[in-house]
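The values are calculated or read from the model by the stated rules, or taken from the named source; none is laboratory data. The structure displayed is predicted, hence computed values, not measured ones. Cβ coordinates were reconstructed from backbone atoms using ideal geometry, including for glycine residues, and neighbour counts include every protein chain displayed.
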Amino acid sequence: MKGIVVGAGGTTRELLRRLSTTWEITVVEQDRASLELARKIRPFRAVLGDGSSRIVLERAGLDTADALVAATNNDDVNLEVCRIGKSAGLTRIVAISADPERIPDYRELQIPAFSPDQLLARRLEEGLESRRVSSQSFARGRAEAIEFEVAESSSVRGRALKDLRARSWVVGTILRDDELLIPHGDTRFQPGDLVTVVGAGADFAEILRTFTAGEARFPLDHGKNLAVALEEKGLERTVAETSHLIKHSRATSLLLIQKDPDVIRDIDEKARQDRLVDMVNANSDGVETLTRLVKTGPERTLEQVTLSESIGIIVRSAPGGGAAGLWRARRIVAMARKTRRPVLISRGSHPYNRILVTARRTRAGRTAARTAIDLAVQNKSELMALATVDPVFLAAADAPQEARLAISFVREEAAVLGQPVKSRIRRGNPVRIFLETAREESDLLVLGVDPERKNRFQMGVVEHLAHRAKVSVLLVPSRE
C-alpha cells in the first residue's frame, strides 16, 4: 500500500509510529529539518516541496497512491491538497484541521478532518488500516481498547481464545451476526467477528500482530486433495502441474479418479488404463497419490466424487480450440459453479512465477483476489491485479473510480500477508486485454465465478478466457 503525507510535523511523526510496515510512505515537506526529524521514526521517501502544488504531488506518486494525508499546520494548504487528491480520483483522503473552525470547509469537500495531534493520529490510523475498526485509549493513556474484524485470512480464524495465550490483554466481547458474545476459553473466532480487545498500550504492537496478521490457506477452505480424472488427453502435463501445485499450496494429495478394473472387460482398455496409471506415478514427483474407483467414465463422475470427497481443486485439461473447445470451456465453468470448488484448467504453465488476477469488487472478484494472494505467497510469485474499464461510449461514469477501488481492495488484502501487488487499469475490451496480459505477463490467470450467471462478465468473459488463454486458468467460485 502506498500513502502520501503532506507535512512532517508532530501528527505525521505520531502517524509514522503507528502505521504498519505494509505501508510505503512518501512525506512531502518544505522544511528539511522537519523531514530529518521524522526520519528518526522510520524510513520513508521524502519529497522537498510545496504539497499544495499538483506538480509536487505528482512527483510524490499521486497517480499510484492508495491514500493521501494532508497534515500541515495551514488549513489553506491542507484544503488544496485535498482538492488535488479528489480531482486525481483518490478515494482515501484524510486531513488535519489546524483551526477547528475550518472543519466545515473540509466537510464541504467530504473529507474527514481531525484535531488535535494524538487523536488525529489514531483516527488516521483507523482510516488507513482496514482491519482495525476503531481504538480508544484510557487509564491515562496506559491502556487501549481496539476493535478488529476477523478476516478470511486472519491467523486467529478458527482458533480458540485459550490458544492465543494472552498475558497482558483480554478479549472483552465478540459481535457475531448481530449477537453480542462474552467469550470464554473455548470460543473460536470466525470470519466477520467484530472483536474488542483491551490491553496495555505498551503491548499495542503484539495485539496488532495477533489480530491483523494473515496466513495463506488455499485450498483448505474447499478441501485438501486435488482431483484428476484418469483420461488420456494431456494427462502427463496435467499431473505434473497438479503435483507442482500440491507442493506449493496447503493441499496434501492427488486424488486420481479411475474406472474400477473389475468392471473393465476389454483387455486393450484395461492395458491402456494401466499405462495411464504408470504415467501418473512417473509424473507425480513424489506427491502422495490416492485412488477413487468408479463404475463409469472418470470424467463423467468428477462432479459426484467432488461432492463426496475433500476436494480443494478439480484439475481439468485444456478444452482445446474451435467451437467444441468453447463448449467444453463452458462446461468447465459450469462445473466450478455447480460444485463450488475451484477448477484448474491445466496448460502446463507452471511454475507460477507471475500470477494475474482480475480486480473486481463482486463476491467472486473478492474470492478470486484472496485466492491469488494466497497462491502468490505460497509460490513466492509476482502478483498483478488488473482492472478493466469499458470503452468511453459504453462505460458508466463511475467506472474508473470503481476500477480503482477494486485495485485498492486487492492491495489491502495482500498487505496483510506482506505480498506486493503490481496493478494496472486498462480501458477497452476485457477479453482482449486479459488475453494479451496473461500471454505476455503471467503464468497463471485467476478468475472469479459467481454462483449465478447474472451479468455480462459471467455470461461471456470467463468462458472466453477459459477457452482462449495460453496459460493455465484457475476458476474460483464465490464463497461469500
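Residue count for segment 228-242 satisfying the condition of being assigned to a helix (DSSP H, G or I) and either modelled with pLDDT of 95 or more or under 10 Å from SER346 (Cα atoms) (or both): 7. Considering only residues in segment 290-304 that are closer than 14 Å to VAL263 by Cβ and of a type in the set (Ser, Thr, Tyr), the one that is farthest from the chain's Cα centre (by Cα) turns out to be THR296. For segment 275-321, enumerate the residues that are touching a helix residue (DSSP H, G or I) at 6+ places or on another chain (Cβ under 8 Å), in a loop (DSSP other than H, G, I, E, B) and β-branched (Val, Ile, Thr). Hit for segment 275-321 is VAL287, nothing else.
Within segment 243-254, the residues that satisfy the criterion of being part of a helix (DSSP H, G or I) and not polar (S, T, N, Q) are HIS244, LEU245, ILE246, LYS247. If you go through segment 449-480, how many residues are under 17 Å from ARG361 (Cα atoms) and modelled with pLDDT of 95 or more? Qualifying residue count, segment 449-480: 2. Candidates are the residues of segment 355-369 that are in contact with a Leu (Cβ under 9 Å, 6 or more places away or on another chain) and part of a loop (DSSP other than H, G, I, E, B); the one that is surrounded by the fewest Cβ atoms within 10 Å (Cβ to Cβ) is ARG361. Being of a type in the set (D, E, K, R) and under 22 Å from the mean Cα position of the chain (by Cα) is the filter; apply it to segment 191-222 and report the residue that is modelled with the lowest pLDDT. So, considering only residues that are of a type in the set (D, E, K, R) and under 22 Å from the mean Cα position of the chain (by Cα), the one modelled with the lowest pLDDT is ARG209. Would you mind stating whether ALA372 is surrounded by 23 or more Cβ atoms within 10 Å (Cβ to Cβ), touching a strand residue (DSSP E or B) at 6+ places or on another chain (Cβ under 9 Å) and either more than 22 Å from THR437 (Cα to Cα) or outside the structural domain of PRO420 (by TED's automatic domain parsing) (or both)? Spelling it out, it is not the case that ALA372 is surrounded by 23 or more Cβ atoms within 10 Å (Cβ to Cβ), touching a strand residue (DSSP E or B) at 6+ places or on another chain (Cβ under 9 Å) and either more than 22 Å from THR437 (Cα to Cα) or outside the structural domain of PRO420 (by TED's automatic domain parsing) (or both). Looking across segment 314-357 at every residue that is among the polar types (S, T, N, Q) and modelled with pLDDT of 95 or more, the one that is farthest from THR437 (Cα to Cα) is identified as SER346. Report whether or not VAL197 is of a type outside the set (Gly, Ala, Ser), in contact with a helix residue (DSSP H, G or I) (Cβ under 6 Å, 6 or more places away or on another chain), more than 30 Å from THR301 (Cα to Cα) and not in a loop (DSSP other than H, G, I, E, B). When the stated conditions are applied, VAL197 passes them. Residue pairs whose Cβ atoms lie under 9 Å apart, sitting 6 or more positions apart in sequence or on different chains, and linking a residue in segment 154-168 that is under 22 Å from PHE218 (Cα atoms) to a partner that is in a loop (DSSP other than H, G, I, E, B) and at pLDDT below 75, are SER154/ARG131; SER154/ALA213; SER155/ALA213; VAL156/ALA213.
Summed over segment 3-42, the residues that are part of a loop (DSSP other than H, G, I, E, B) and of a type outside the set (S, T, N, Q) give a count of 9. Scanning segment 273-295 for residues that are loosely packed, with under 13 Cβ neighbours inside 10 Å and basic (Lys, Arg) yields a count of 2. Could you tell me whether segment 255-274 includes any residue that is modelled with pLDDT of 85 or more, charged (D, E, K, R), part of a strand (DSSP E or B) and in contact with a helix residue (DSSP H, G or I) (Cβ under 9 Å, 6 or more places away or on another chain)? Within segment 255-274 (the criterion being modelled with pLDDT of 85 or more, charged (D, E, K, R), part of a strand (DSSP E or B) and in contact with a helix residue (DSSP H, G or I) (Cβ under 9 Å, 6 or more places away or on another chain)), the answer is yes, since at least one residue qualifies. If you check LEU161, LEU180 for being outside the structural domain of ARG292 (by TED's automatic domain parsing), of a type outside the set (Ser, Thr, Tyr) and either under 27 Å from the mean Cα position of the chain (by Cα) or surrounded by 17 or more Cβ atoms within 10 Å (Cβ to Cβ) (or both), only one passes: LEU161.
Checking each residue in segment 287-331 for being over 30 Å from VAL461 (Cβ atoms), touching a residue at least 24 places away in the same chain (Cβ under 8 Å) and small (Gly, Ala, Ser) picks out GLY297, SER310.
Among the residues of segment 279-309, the ones that are over 17 Å from LEU235 (Cβ atoms) and of a type in the set (Ser, Thr, Tyr) come to 3 in all. The requirement of being under 20 Å from the mean Cα position of the chain (by Cα) and exposed (fewer than 15 other Cβ atoms within 10 Å of the Cβ) is fulfilled somewhere in segment 422-445, by at least one residue.
The rows are residues; the columns are (1) surrounded by 15 or more Cβ atoms within 10 Å (Cβ to Cβ); (2) closer than 27 Å to VAL421 by Cα.
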position	(1), (2)
THR21	no, yes
THR26	yes, yes
ALA33	no, no
ILE55	no, yes
